[in-house]
């Protein structure tokens, strides 16, 4: 009998403790008459927002974003719709663009936008890669998102891309990042990068006295050049100066990951001339053409 009383008393104590704990869990801490939530509804975040410049490349502008209700993606798109303070840079996204839905799963953002995204002047002007990567590079700079699957009102973005060789899932792409040509080596790398992107029109604008160069012939020559070099990578170039002429030496290499062999793709010399405030200009044609 005594054992039963002890058990009953223990059970009552356990029930009272459980009830008290439940009440503590249910009670919401207050400051004045306002509830303290476990996560703030609004917070600020430093971010780089990418805009297109006059050279059809992307430049970042550092901004402080105000994130409301954890809507990071929405805040980035709102920032992208505003014109930047950067000189000669422009927003690629129309003000009518809206997020229909967004969800992050294991680092992948599923993003659904309205059709205003594919109706901007940049998109219609065949600058679709700039529109896409101004968005993608701005979003994927954070650790929580490393890739984006993009849809337009529920339809795969490929429907609006046609034959541009892009995909519906995107990751950060540094190829469109603008780098100030502060050295002859960087000018040549920028030039060859434009060739690899098949932006022959922009590469043509980097030539010295481009108005005296047959543009169609230049594009045909560099198209053939790209077909030969597309599988190779450039090692660190170096330059030599001879008066006003700077010679930049570029070595191509191809690495076969299957056989663990590196193939020599040959060394090229690109010559440049300093052009005052315009920096360095590519001399065309090359001596060994």
Qualifying residue in segment 273-282 (condition: within 16 Å of residue 188 (Cα to Cα), in contact with a helix residue (DSSP H, G or I) (Cβ under 6 Å, 6 or more places away or on another chain) and modelled with pLDDT of 80 or more): yes
Kindly evaluate residue 238 against the criterion of being touching a residue at least 60 places away in the same chain (Cβ under 8 Å) and either more than 23 Å from residue 267 (Cβ to Cβ) or touching a strand residue (DSSP E or B) at 6+ places or on another chain (Cβ under 7 Å) (or both). no
Can you tell me which residues in segment 174-221 are more than 19 Å from residue 236 (Cα to Cα) and touching a strand residue (DSSP E or B) at 6+ places or on another chain (Cβ under 9 Å)? 176, 203, 206, 207, 208, 209, 210, 213, 218
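Out of contact with any strand residue (DSSP E or B) (no Cβ under 8 Å at 6 or more places or on another chain), in the same structural domain as residue 151 (by TED's automatic domain parsing) and touching a residue at least 60 places away in the same chain (Cβ under 8 Å): does that describe residue 55?
Criteria met by residue 55.
Scan the strands (runs of 3 or more DSSP E) fully inside segment 81-184 and keep the ones with 1 or more residues being crowded, with 20+ Cβ neighbours inside 10 Å and in the same structural domain as residue 65 (by TED's automatic domain parsing). Steps first, answer last, please.
Numbers: elements: 99-105, 108-113, 147-152.
Those strands (runs of 3 or more DSSP E) span 108-113, 147-152.
Anything in segment 225-249 that is in a loop (DSSP other than H, G, I, E, B) and within 25 Å of the chain's Cα centre (by Cα)? List them, or say none. Explain how you work it out, then say what you get.
Applying the first criterion (in a loop (DSSP other than H, G, I, E, B)) to segment 225-249 yields 230-232, 235-237, 243-244.
Those that are in a loop (DSSP other than H, G, I, E, B) and within 25 Å of the chain's Cα centre (by Cα): 230, 231, 232, 235, 236.
The values are calculated or read from the model by the stated rules, or taken from the named source; none is laboratory data. Everything quoted here is computed from the prediction, not taken from an experiment. Methodologically, a virtual Cβ is constructed for each residue, glycine included, from the backbone with ideal geometry; neighbour enumeration extends over all protein chains shown.
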